[in-house]
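Since every read-out is calculated from the coordinates, none of them should be taken as a lab result. Since we're looking at a predicted model, the values are computed, not measured. Note that each Cβ is placed from the backbone with ideal geometry, even for glycine, and that neighbours are counted across all protein chains shown.
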Amino acid sequence: MSRFLLITLTEDCLRRAAAGDRGAQCVVYEQSAAPVFALIRRLVRGRAAAEDVFQDCMMGLLRQLPQFRGAVPFGAWARQVALRHCLMHLRSPWQRARRALDALLPGEVESLLQPAIEPASPELIDLERALARLPPMVRAIVWMHDAEGLSHEEIAAHFGRSISFSKSRLSRAHALLRAQLGGQHAAPALPDAPAAAPRAMP
């Protein structure tokens, strides 16, 4: 179950936080910080980069609170804010250049495979490494669907693409993961998802 679903904030707290009440904003921050950072660490390589995205995300979340209308649970809305910040980071020209450099310096890539939470078994370590080898946008689709429980419709909307795009990328990513984990001949690498404008927040 997504950790975002465990966020419990009263309407009064959210209203006061949106109006600028510092105490209420601290409560929102304390409830949201852990699931937001956990998601960012799964999608953004490198702790320093993840911390930068986290800070931007939390400031953006508090700044956008007046736009939250309660059409969806607050946790689902906060997850959309975090995903939007992650995808903007992954789409940035600097990150594309960094990934190209990583491809030329494979020894450096291994240092980025340290998991966000230390796995308890060799199988989990292997899974972490297999996920890390996926293209960043494809890894994001896998995590959004398999861990966060987003539907193909929701994923497609985030990427500004069709539902079949989400389904085909996820299916191919699963095949790559099975090949890596099973020691089979690896399937051809997936291209990253093309940049597209993130969807508007509800």
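Packing, as the average of other Cβ atoms within 10 Å across residues, places the peptides 75-84, 55-64, 22-31 in the order 75-84, 55-64, 22-31, highest first. Working value for the stretch 19-95: equivalent-ellipsoid semi-axes of 22, 13, 11 Å, each the square root of 5 times a Cα gyration tensor eigenvalue, largest first. In plain terms, the residue of 148, 154 with the fewest other Cβ atoms within 10 Å comes first and the most crowded comes last, giving 154, 148. Between residue 171 and residue 129, the FRET efficiency estimated from the beta carbon spacing at R0 = 25 angstrom works out to 0.75. Estimated at 0.36 nm per residue, the fully extended path between residue 72 and residue 2 surpasses their Cα-Cα distance by 23.7 nm.
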